[in-house]
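Have a look at the structure below before the remarks.
Just so it is clear, none of the values below were taken in a lab; they were calculated from the coordinates. As the structure is a prediction and not an experimental result, all values here were calculated from the model. A quick note on method: Cβ atoms are made from the backbone with ideal geometry, for glycine too, and the neighbour counts reach across all protein chains shown.
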Amino acid sequence: MTAISSLFEKIVSILSTYSLVSDTLDLLLLTFLFYYILKMIRDSRALTFAKGFIIFIAVYALVLLFNMQASAILFKAVFNNILIILVVIFAPELRKLLENMGTSTKAFATIKGLFKSTASQRAILYNNKVTDAVNEICRAASDMSDKKIGALIVFEKATPLGEICKTGTVIDAEISSELIGNIFYPKSPLHDGAAVIRDAKLYSAGCILPLTSKNNISSELGTRHRAALGMSEQSDALVLVVSEETGDISIAYQGKLVRNVSDGDARELLLNFLKVPEGGEKHGK
């Protein structure tokens, strides 16, 4: 109770001296700096060093806790010169940071991204990602159509397809026409199953889809088309099929199959299906 009371008194003391303008600006500035630094080192070797530095601090805390005097002297010497050490180690990253901050457009974009992330902006970013993904998929579909390579690609919408994804191999990779082509290459171990597209990424491949329960299906249609229809009947997903026999591209949606679709029409259908209105949100999973 004494410790809790002491903690409460410290909190009250801090709040009583809090300045709405200067302290708020101080916190915002520190937040911005930490965000900018983390963003800068996220994909660089500096991130590995940062993890090591955190471990170093944890070890120092243990040294102080157990009153290890000899080790404490060594750690204290390091921490007394920590700023110089950091400047030497992170010289290239600090130079890049200052250069970026000196560029007004980049600085403005960073501040804007930090303090103003609207639904409209998120929709625009997502739609740009969707456009790139669809272009790559249609390029791959056109190439597979010319070579008569069978393919089955499911585009997830609002209905979660987690159970379907578990039947295959999770990849969770950025989409490229080369990656799609490699997956459906006849000698690939994943070519017989379906690929699932989630959030404009290739999430899973080699997945098993449910077959349609309809009996009035043309005998010309193979297992891929029946699986595409079955998937579209049991979810709101859109499914693209490339026939191995004819090379024709077909689209299955809401239990209906549209055959002999050109790659241009397929692109338009996919964009209309996947894109979200500006100011709106994409469907959750």
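Per-residue Cβ neighbour counts within 10 Å put 165, 207 in the sequence 165, 207, beginning with the fewest.
Taking 7 Å steps out from each Cα toward its Cβ at residue 78 and residue 31 produces label points 3.3 nm apart.
Summarising the amide proton neighbourhood of residue 159: residues at separation of 5 or more, or on other chains, whose placed amide H is nearer than 5 Å comprise 236.
Based on the mean of other beta carbon atoms within 10 Å per residue, what is the order of 246-254, 213-221, most packed first?
246-254, 213-221
What is the set of long-range amide H partners of residue 196 at a cut-off below 5 Å, with H atoms built 1.01 Å from backbone N? Counting only residues 5 or more places away or on other chains, the set is 154, 203, 204, 205. Extension gain for residue 5-residue 265 works out to 86.7 nm (0.36 nm per residue, less the C-alpha to C-alpha distance). Computed from phi, the 3J(HN,Hα) profile of segment 203-216 under the Karplus parametrisation 6.51, -1.76, 1.60 (θ = phi - 60°) reads 7, 8, 9, x, 7, 9, 9, x, 7, 5, 8, 6, 9, 8 Hz, with x in place of Gly and Pro. Take each peptide in 134-146, 166-178, count the other Cβ atoms within 10 Å of every residue, and average; sorted highest first, the result is 134-146, 166-178. Extension gain for the segment residue 178 to residue 201, taken as residue separation times 0.36 nm less the Cα-Cα distance, is 6.9 nm to one decimal.
If I take R0 = 41 Å and measure r between the Cβ atoms of residue 236 and residue 24 in this structure, what FRET efficiency does the formula 1/(1 + (r/R0)^6) give, to the nearest 0.05?
Rounded to the nearest 0.05, the efficiency is 0.35.
Cross-link pairs exceeding 22 Å between alpha carbons, from the set 157/256; 214/256; 157/187; 147/201; 166/201: 157/187; 147/201.
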